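For reference, the structure discussed in these notes is given below.
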Amino acid sequence: MKHYKTNKINNSGISFFFSSYCNLTKNSFAFGAGIPIAFFLFKLLSTVDESLNVLNYFTVNALFDTTAILEGENYWWKLIILLGIGIVLYIASLEVFKRKDRFNFHETS
């Protein structure tokens, strides 16, 4: 699997979870797109200035360590965590959607 796909799976898992969880489209877009964008901005800002390095602790994108990948260091455990978060969010999304569908089901006879 390509390295960048783990980050895509994680971000799409976040989007899919909030798409399943939220009833309103505006909330789904706000959280589903807002959280991955915030993670990206936190990671970006943490690389700009040393004093903003604390923002790395507020993003899962810090697990996608491009320096470690390029230098061939031990980075696989970070990618496995990213992939795990994405898979857990997809499974949680399916459960949320099933429960939502079960409680909103109305038979017409």
How many residues does region 86-109 hold that are modelled with pLDDT of 65 or more and polar (S, T, N, Q)? 1
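Here is a yes/no grid of residues against (1) part of a helix (DSSP H, G or I); (2) hydroxyl-bearing (S, T, Y); (3) closer than 15 Å to K78 by Cα:
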site: I9; (1), (2), (3): yes, no, yes
site: F16; (1), (2), (3): yes, no, no
site: N23; (1), (2), (3): no, no, no
site: P36; (1), (2), (3): yes, no, no
site: F42; (1), (2), (3): yes, no, no
site: S51; (1), (2), (3): yes, yes, no
site: V54; (1), (2), (3): yes, no, no
Residues in region 64-78 that are surrounded by 11 or more Cβ atoms within 10 Å (Cβ to Cβ) and farther than 16 Å from F39 by Cβ total 4
Give region 58-70 a look and list any residue that's over 14 Å from I9 (Cα atoms) and at pLDDT 85 or above, or say none. F58, T59
Output the number of the condition that Y21 fails; it satisfies all remaining conditions of (1) of a type outside the set (A, V, I, L, M); (2) at pLDDT below 90; (3) open to solvent by 80 Å² or more (accessible area, probe 1.4 Å). (2)
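Can you confirm whether S46 is in contact (Cβ under 8 Å) with a residue 24 or more places away in the chain and more than 18 Å from I81 (Cα to Cα)? Show your work before the answer.
Details: in contact (Cβ under 8 Å) with a residue 24 or more places away in the chain: no; more than 18 Å from I81 (Cα to Cα): yes.
When the stated conditions are applied, S46 does not pass them.
The values are calculated or read from the model by the stated rules, or taken from the named source; none is laboratory data. Just so we're clear, the structure is a prediction, and the values are computed from it rather than from any experiment. Cβ atoms come from the backbone with ideal geometry, glycine included; neighbour counts cover every protein chain shown. Side chains included, ligands, DNA and RNA excluded: accessible areas come from the protein's heavy atoms. Shrake-Rupley method; radii C 1.70, N 1.55, O 1.52, S 1.80 Å.
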